[in-house]
Amino acid sequence: MAGGWGCPHEVNDRCTKVNDLPCDPGMKGCTLAGRFRFANEDKNARFHEKRARPTAAGDNKTKDGP
């Protein structure tokens with residue numbers, strides 16, 4: 001894969017993290033999956049799942065004060 005950044009798992013256009021499959025940023029098992037939003041909406045399911053989760057800090061708004 002060509003681009004302006006380099007993935008440490010990509011060697012000769014293959015992903016060493018995902019069974020030496022051809023590098024496809026955002027594929028299942030990819031380090032980037034769920035962390036970033038991609039132009040291809042098929043790769044954004046994990047991203048949307050993570051955004052829909054309540055945050056740990058934001059969940060305690062109903063907690064009783066001192």
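Structural remarks
- Modelled label positions at T31 and H48, each set 7 Å beyond Cα in the direction of Cβ, lie 2.7 nm from each other.
- Residue-count net charge about K43 - beta-carbon cut-off 15 Å; Lys, Arg +1, Asp, Glu -1: +2
- Summed residue charge, Cβ within 13 Å of P22's Cβ, Lys/Arg positive, Asp/Glu negative: -2
- Considering all C-alpha pairs of segment 10-53, those separated by over 17 Å amount to 33%.
Read the figures in this text as sums done on the coordinates, not as results from a lab. Model, not experiment: these values are computed from the prediction. All Cβ positions, even for glycine, are placed from backbone atoms using ideal geometry, and neighbour counts span all protein chains on display.
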